[in-house]
Amino acid sequence: MNATISFDSVLHVVLALVGVAVFVGLNGLLLVYAERKVAGFIQRRPGPYEVGPQGILQAVADALKLIGKQLVRPDRADPLLFWMAPVLAFFPVLLLFLPLPFSPLLTGWDVNLGLLLILAFAGFNVLALLLAGWGSNNKYGLLGAARAVAQSVAYEIPLLLAVLAIAFQEGTLSLSSIVATQGSMPWQWNIAVQPLAFLIFLISALGETNRAPFDLPEAESELTAGFHTEYSGMGFGMFFLAEYANMIVACSVCTVLFLGGWKGPFLDGAWWFLAKVYALLLAMMWFRWTFPRVRFDQLLNLNWRWLLPLGVLNLLATAFVMKL
Amino acid sequence: MHSADTLRSRPTSCPAASADGGCADDQIAGDGYTCRFERGARPESLILNMGPQHPSTHGVLRVLLELDGEYIVRAEPVLGYLHRMHEKMAEVKNPAQFMPNMGRVDYLHALAWNWAYVGAVEKLAGIEIPERAEYLRVITCELNRISSHLLWWGAYLLDLGAFTPIMYAFDDREMLLDLLQLMTGSRLTYSSFRFGGVYTDASPAFVQGVRQFVPHLRSRLPMYTALVTENIILRRRIEEVGVIPPDMVTRYGASGPVARGSGIAYDVRRAEPYSVYDRFDYEIPTRAEQCSMARYMVRMAEIEQSLRIIEQAIDSLPEGEHMHPKAPKPSFKLPAGESYFAVEGARGKIGVWIASDGGKTPYRVKLRAPGFSNLALFAECARGTLLADAVAILGSLDMVIPEIDR
């Protein structure tokens, strides 16, 4: 990284942030629509089809509804913590998009510690969930927040172990270098070398983003809505958008680390990156509409008994092979 | 007395706390009922009010929970949010006027309640029923049982966090409702049984529809098993959760799939045979595991057994009247005396007891709802389990709150 920070590089980052905000907003709309259509397809019903042709404006209608709704803060909830939580859930996610290499030319901020930056800022999410549950003076919220913290802290470790295996192998934390070292063909991607790390990463990413079957912090049949029980309007909307943004980040990192990023058998470019990200997102939606929810002790057992030991073994094996 | 101020300051309106001049415990302060729910020995426990508006209490059940972390120290179901005085209404209406109420006691297995009441009246008044009507009652009641079990299946998986099965269940249930609509004229709150028969005769369309439906549902059941029952997450969630030993079943008087899931082969259709059930070849599914999965498997097996009964009944459906020619007019008077009639509902033993003093209306009617006894064991069964397990246990009891409150 360049030690001197020039006006140009600051401008570049600001422009990138604006671009990312637009990208996240548009993708939020797209994913809401996709999720509902996928759910409809899996459940053998049409899904949204009233608002606009084939219901493509449904997400816009949803967004307008959320913006138009009154923001309600429960009596005796802490106003500062209560309103800080949704903001804190959403805005740090935008930073996570900065180091993502969409293509060799389309990278917000090609920093050589990109992976570390993402892992560090992803930790903000759990703080936001904790504040939301704690600040809303609601017992369901509190239980949801407690679950969120235990789950996030637990699943960060195998996630890190899986990422470290790739970092060891590539000898770099720069995301664009990691992509550059992978080949164009699927068997030249890291997934072929590190299938176990890929599996651990994918499962941990589901846990980190609170997606079904690990959506325990908001398990609606147990905790009504968990940490966001008391949020209305855009308070809820921010959490919602943050969840989708986190999903995109998790899938993007997965694409970069394991699936060769922007590279494909022909015509390398951002479209390959996006296609892989959306394929992973679709898989996540598929899981959500297919599986029941696990119980909390099972969730943690899966992590401590399986993912963590396997992650450590994988890392040791990687280190051993690298040394040879 | 109740100005806006006194209502707002909840602690002072708490009767249990008035002695020391205010409810010191902010958690327990609530409505009058919660105030009497005393905190247990552990001061750090959390009192959680689950319901009456909660996604997994199926209607308006309220469960007061004392939690230690997410472990349940104590659970107490609170009833009465849907009490509609059905038993009192029975005392001021003649039997024919009271019939529609029976479709609304348990809206998911309305025809079993129809049958229990009609049976008790027929027994008391000595009314005969033509054979064809008996068969039609069996067919419609078993169809209704399947629709109840299908709905339970979907809703239970919704409780466990799987969103999709209920859509598939409703798909099949829709066909059942169409069939029952042909026969009874309504889709949910049926009241088509009459004293001395059934209201309408089976049309050829109905008979043909039933013949088509039986193989259709049979072909769907393996898919349900493969997609849902064998899912590892589901099995881990409900196997060995909510173990109900047989002695607990007898102590609380539980019946239906709850009893049969604990290995007690009690089914009113076998134990106290009524109507023409003794003519059909079917099994009473039981499981020895005693857990939520056992109750799940019992209900899934019951769907298959009901299909067997329907198949045999539709094949041997006798010709004849659907109403007995000597069936009484709707305004008939019940003779003095009392009678009791029990049938097997989707949730267990449904009993109706009628006492009459010879007047226009019965003197007293007592409705025995299986859900009430089944729910009663929840408090004991849920102790020491996790909050998520409590949802799994509550769902496995298959409650219909209107039936429990009556």
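The values are calculated or read from the model by the stated rules, or taken from the named source; none is laboratory data. Everything quoted here is computed from the prediction, not taken from an experiment. Cβ: placed from backbone, ideal geometry, glycine included. Neighbour counts: every protein chain shown.
Points worth noting:
- Of all residues in segment B:241-250 being in contact (Cβ under 8 Å) with a residue 24 or more places away in the chain and either part of a helix (DSSP H, G or I) or within 12 Å of chain A (Cβ to nearest Cβ) (or both), the one that is surrounded by the most Cβ atoms within 10 Å (Cβ to Cβ): B:Val249
- In the condition set (1) at pLDDT below 90; (2) among the hydrophobic types (A, V, I, L, M, F, W, C); (3) part of a helix (DSSP H, G or I); (4) in contact with a Gly (Cβ under 7 Å, 6 or more places away or on another chain), B:Met399 is compliant with all but (3).
- Considering residues of segment B:86-98 that are surrounded by fewer than 22 Cβ atoms within 10 Å (Cβ to Cβ) and among the hydrophobic types (A, V, I, L, M, F, W, C) only, the residue farthest from B:Leu180 (Cα to Cα): B:Val92
- Any hit, segment B:129-149, residues being among the hydrophobic types (A, V, I, L, M, F, W, C), within 14 Å of chain A (Cβ to nearest Cβ) and closer than 30 Å to B:Pro55 by Cα: no
Matching residues to (1) within 14 Å of chain A (Cβ to nearest Cβ); (2) of a type in the set (A, V, I, L, M); (3) under 23 Å from B:Leu65 (Cβ atoms); (4) in a strand (DSSP E or B):
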| residue | (1), (2), (3), (4) |
| --- | --- |
| B:Phe341 | no, no, no, yes |
| B:Ile354 | no, yes, no, yes |
| B:Gly359 | no, no, no, no |
| B:Pro362 | no, no, no, no |
| B:Lys366 | no, no, no, yes |
| B:Ala379 | no, yes, yes, no |
| B:Gly395 | yes, no, yes, no |
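- Check on B:Leu65, within 14 Å of another protein chain (Cβ to nearest Cβ) and either charged (D, E, K, R) or touching a residue at least 12 places away in the same chain (Cβ under 8 Å) (or both): yes
- Residue that is part of a helix (DSSP H, G or I), acidic (Asp, Glu) and under 24 Å from A:Gly141 (Cβ atoms), where the choices are A:Asp62, A:Asp75: A:Asp62
- In segment B:209-239, of all residues being more than 14 Å from chain A (Cβ to nearest Cβ) and small (Gly, Ala, Ser), the one that is surrounded by the most Cβ atoms within 10 Å (Cβ to Cβ) corresponds to B:Gly209.
- For segment A:54-84, taking the residues that are aliphatic (A, V, I, L, M), surrounded by 15 or more Cβ atoms within 10 Å (Cβ to Cβ) and touching a residue at least 60 places away in the same chain (Cβ under 8 Å), the one that is nearest to the other protein chains (Cβ to nearest Cβ) is identified as A:Ala77.
- Residue that is aliphatic (A, V, I, L, M), surrounded by fewer than 21 Cβ atoms within 10 Å (Cβ to Cβ), more than 15 Å from the chain's Cα centre (by Cα) and farther than 30 Å from B:Glu91 by Cα, where the choices are B:Ala301, B:Ala336, B:Ala313, B:Ala294: B:Ala301
- Qualifying residues in segment A:39-53 (those that are under 17 Å from B:Leu227 (Cβ atoms) and not in a loop (DSSP other than H, G, I, E, B)) - the one nearest to the other protein chains (Cβ to nearest Cβ): A:Ile42
- Pick from segment B:164-196, criterion surrounded by 20 or more Cβ atoms within 10 Å (Cβ to Cβ), touching a Lys or Arg at 6+ places or on another chain (Cβ under 8 Å) and not charged (D, E, K, R), ranking: farthest from B:Glu128 (Cα to Cα): B:Tyr168
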